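Heads up, the thing below is written out as structure tokens.
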Amino acid sequence: MYQRPQPDIELTVPSLHRWNAVFWVLLGVVPPAIAVADAPGATRYPVLALLAVLALSYGAVGLFPGNPVLRPRPYLYVLVAGLGAMSYLLDGSAALFVVTLPHFWIYTPSARAAIALSGLAAGAVVAGNLVRQGWSGEFLTGNVVFTLVGYAVGLLAGLLMRRIAGDGEERARRLRAELEDARVRLADAHHRQGVADERERLAREIHDTLAQGLASIVALAEAARSGLATEPARSAKHLLAIENTARENLAEARVLVGAASAGGVTPGSVAAALRRTLDRFTEDTGIDVTAELPDVTCDQQTRIALLRCTQESLANVRKHAAASTVEVVLTERPYAVELEITDDGRGFVTEDSHGFGLNGMRKRLAELGGELDVTSSVGDGTRVLAMIPTGGQV
């Protein structure tokens, strides 16, 4: 899947704050410190001390925003007082004020508060300059003009950034709402798919177990009824088979509602389960069955799948094939278990067969990573080969 290349530096809000801190130190703190390096001690020490206080205060708020000692709003008041004091000590600090303006927009919750506090800082800078120079009638000095112009530009830039940030938050809010809606719809789709899958699984189980058993009961009942007068012993045998089949169907029904072990196949040999199924088939139909059923090793799901495939294949032989013999071969490979069921019946055109039984077998095997191969032609019988991988299990 194509993905848009990501930039090397992602301009997030925290990264912008870090860059602002770097610029504030380099352009706001360092130049005054350098400017007073050769000044008399009466000027140098107060300026350096004041810069240290401002830097430490900014560091405390920026690095530890939740600290209980200095909160953002008190820090801004410290900043206002510091800018006014710096303007007095240096006879103007317009450059430091301009570089510091973003702080008033970063650490205030509203534009009104940012405008008021930055205006208060501008007034403090102008007042410090006037106190230092004294009132001489020349109010609009370079520092004053630069401070006022910087305040106006900062005001416009701050409002613009607040608007951009507000638009971004609104877009993020809409995106979160859309994502939540998509998540809900996806969860609903997963739920519906799960319900559909469970319904299909139950339909397949009912077809492979109860429906096959009921069909067998109907066929045995018809045979028993037709032989009541002429072959009572054979009819009695059919009635016994009906009873056994009904008991098995009852057990399968309990399985489907969770009252017995999953799949109705007790843990153990799959060969024994297949042998019982084949014996019952021969008893019910009279069709000769030859089988090679070694005691292979496989898990419960594989045993269930092999048994269901056998039951479905034998049901198809009973209903459609008109076969006289059936051969069943169970083979254990290094990579899989294979079950081959062959009959000598009338056969069919595989491309024209879209019955629920074959499709159900294919889906059941596919859930285990297996495959079903059906080979048949009219008049040549049918071969069903089921393969289920065992992951190298031997």
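For the structure I just gave you, tell me whether G158 is at pLDDT below 85, assigned to a helix (DSSP H, G or I) and surrounded by 15 or more Cβ atoms within 10 Å (Cβ to Cβ).
When the stated conditions are applied, G158 passes them.
Being in a helix (DSSP H, G or I), crowded, with 20+ Cβ neighbours inside 10 Å and either among the charged types (D, E, K, R) or more than 31 Å from the chain's Cα centre (by Cα) (or both) is the filter here, so list the residues in region 356-382 that pass it.
G357, R364
Of all strands (runs of 3 or more DSSP E) completely enclosed by region 270-352, which ones contain at least 2 residues that are polar (S, T, N, Q) and open to solvent by less than 40 Å² (accessible area, probe 1.4 Å)?
Filter on region 270-352 gives an empty set.
Could you check, for region 145-155, whether at least one of its residues is surrounded by 12 or more Cβ atoms within 10 Å (Cβ to Cβ), hydroxyl-bearing (S, T, Y), out of contact with any Gly (no Cβ under 7 Å at 6 or more places or on another chain) and at pLDDT 80 or above?
Initial filter on region 145-155 (surrounded by 12 or more Cβ atoms within 10 Å (Cβ to Cβ)): 145-151, 153-155.
In the following step, the residues that additionally are hydroxyl-bearing (S, T, Y) were identified as 147, 151.
Now restrict to residues that are out of contact with any Gly (no Cβ under 7 Å at 6 or more places or on another chain): 147.
Cutting the leftovers down to at pLDDT 80 or above gives us 147.
Looking for residues that are surrounded by 12 or more Cβ atoms within 10 Å (Cβ to Cβ), hydroxyl-bearing (S, T, Y), out of contact with any Gly (no Cβ under 7 Å at 6 or more places or on another chain) and at pLDDT 80 or above, one finds at least one in region 145-155, hence yes.
Any idea which residue in region 58-81 is nearest to the chain's Cα centre (by Cα), counting only those that are more than 18 Å from A114 (Cβ to Cβ) and assigned to a helix (DSSP H, G or I)?
If we take residues in region 58-81 being more than 18 Å from A114 (Cβ to Cβ) and assigned to a helix (DSSP H, G or I), then L63 is nearest to the chain's Cα centre (by Cα).
State all residues of region 202-250 that are over 21 Å from R276 (Cα atoms), open to solvent by 40 Å² or more (accessible area, probe 1.4 Å), at pLDDT below 75 and in a helix (DSSP H, G or I); if no residue qualifies, say none.
Matches in region 202-250: L202, A203.
The values are calculated or read from the model by the stated rules, or taken from the named source; none is laboratory data. Small disclaimer: the values here were computed from a predicted structure and weren't measured. As a convention, Cβ positions derive from the backbone with ideal geometry for all residues, glycine included, and neighbour counts pool all protein chains shown. Note: accessible area is taken over every heavy atom of the protein model, side chains too, but ligands, DNA and RNA are not part of it. Shrake-Rupley method; radii C 1.70, N 1.55, O 1.52, S 1.80 Å.
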